[in-house]
Each structure stands twice: as structure tokens, then as C-alpha cells.
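Before any comments, here is the structure.
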Amino acid sequence: MTSRDEPRLADAAEIAAEHGLTPARISSLYTSRTPNAAGTPFPETAGQRGRARLWNHTEVTAWFADRTQARLREHTPPARNPEELLNAAEASRFLGYKNPNQVTTYVRDHPGYFPEPDHVEEMGTAEKPYRRLQWRVQTLTDWMATRPGRGKRTGTHRSAPALPDVPVDGDPDELLGATQAAALLGFKSVNSFSSSLAQGNLPLLTTPDALTEKGARRRWTRRRILEQAAQRGTGR
């Protein structure tokens with residue numbers, strides 16, 4: 001495992017997943033030394049894994065923050081009823097994101113960054129349940145004015161919650177969620193776990209052992225998570 005003092009490294013696929021781009025686009029930003037709004041070129045690589053370039057995740061995140069916030073500051077959302085409810089795709093467009101899945105990505109991969117939905121509707125069937133999340137226009141407008149990266153945030157800064165301390169010697173058949181799996185696998189956040197899973201880096205967890213009745217959230221047995229940890233060499 002990486003020590004706490006060492007920077008977290010990420011490849012093009014992981015960075016692309018976090019920012020709604022393609023790995024090819026990340027490589028292009030690097031090779032062309034594309035500058036962000038502050039005039040800072042895309043960060044230099046910090047290592048290599050096989051043929052894959054690796055970057056300091058913190059540096060890349062900061063580069064994108066300057067790039068994204070500058071673009072959004074120029075966006076004027078359309079006039080709408082403050083009480084109107086918008087789904088994730090509508091909210092993404094209202095906020096000025098080019099990627100219609102941006103809000104969904106925030107909710108799934110960046111806990112604590114985006115506001116909680118004002119309305120959650122349970123939909124689908126018992127076999128395939130899903131939830132429709134909706135936000136009031138006023139909630140989105142308030143977030144735009146105080147979102148992280150837009151100068152000093154008023155009030156308390158909300159950071160992603162720390163991962164829990166999950167025992168390795170618990171019931172091997174107990175079903176655990178993404179946050180617990182991330183902790184057992186040695187990730188620093190559920191975001192990095194989700195990105196790694198999406199990239200196919202955790203093959204033993206590709207298919208979950210169960211889905212929750214509400215929200216269809218994935219669950220894995222402790223046994224399979226520990227088997228994956230041993231395969232990655234991160235067993236504790």
C-alpha cells in the first residue's frame with residue numbers, strides 16, 4: 001500500500017472517469033500542454049505503470065478545478081421557478097456542464113461535494129429498483145454561489161467523509177457496501193475505489209453479490225473483498 005506521505009497517482013482512465021472525459025482526451029491535454037484558466041499547463045507526469053502514464057491526482061484535480069470553475073463562472077443559468085424540481089441530467093444542463101452525467105458523477109463519486117437531493121422517488125420494480133433524484137432550482141442556485149473552488153466557501157467546508165475502520169475478521173458472508181470495501185482494499189476514498197472498479201481493476205468485484213432493495217446499491221461479501229485485497233497485495 002502507498003504510505004500516507006506519498007502522493008496518490010492516477011492514470012488517464014481514472015482521471016477521465018472523474019471528469020466525464022475519455023482517456024484519449026486526458027492524453028491530449030497532456031501532450032499539448034493545454035493551459036487552464038490560470039494559464040497553468042496540464043501537469044507533468046509523476047510516474048508510469050507499464051505503458052500507462054501516471055499523474056499526481058491532487059495536481060490534476062487542482063488543474064481541472066481552475067478550468068471548470070472559470071467556464072462555469074461565465075455561465076448564466078436560465079430563469080426558472082426556484083421551487084421547480086430538476087433531475088440529474090436537467091441539473092447538469094442548468095449548471096452549465098457539457099456532460100449531462102456530471103451531477104450523477106458528483107453524487108456517485110464525490111460524497112459531500114454536491115448537495116443532497118431535495119426529492120427522492122423510488123421507481124422501477126422489485127427486481128430492478130432505481131431512484132430518481134431531484135433538486136430544487138434554488139438549491140442548485142445556492143450551490144453555484146458557494147461551490148468549492150469559487151473563492152472562499154461560506155460556512156463550513158464539506159469534505160468527503162473519512163473511510164470507516166472495517167475489521168477483516170468479521171463474518172466472511174456479511175454484505176458490505178462500497179465505502180467499507182474501499183476501506184478494506186486500502187483506498188483513500190470511495191471515489192478512488194469506484195474509479196478503479198469502473199476501470200476493471202477489481203475483477204473479483206465486477207459482479208456484486210447483492211443489490212439493496214432501495215437504490216440498488218451494490219454489496220459484496222467480506223470474503224470476496226478480502227480475496228480481491230489479497231490479489232492486489234493490499235490485504236491488512
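Multiplying the residue separation of Glu121 and Glu84 by 0.36 nm and subtracting their alpha-carbon distance yields 11.8 nm. Extension gain, Thr22-Ala145: 0.36 nm per intervening residue step, less the Cα-Cα distance, totals 41.4 nm. The stretch between Thr58 and Asp169, if pulled fully straight at 0.36 nm per residue, gains 36.6 nm over its current Cα-Cα span. For region 11-67, taking Cα atoms only, Rg and Dmax work out to 10.4, 32 Å respectively.
The local environment of Pro82, defined by Cβ-Cβ distances under 15 Å, has a net charge of -3 under the rule Lys, Arg +1 and Asp, Glu -1.
Throughout, read-outs are computed from the coordinates displayed, never taken from laboratory work. A quick note: this is a predicted structure, and the numbers were derived from the prediction, not measured. Here the Cβ is made from the backbone with ideal geometry for all residues, glycine too, and neighbour counts use every protein chain on show.
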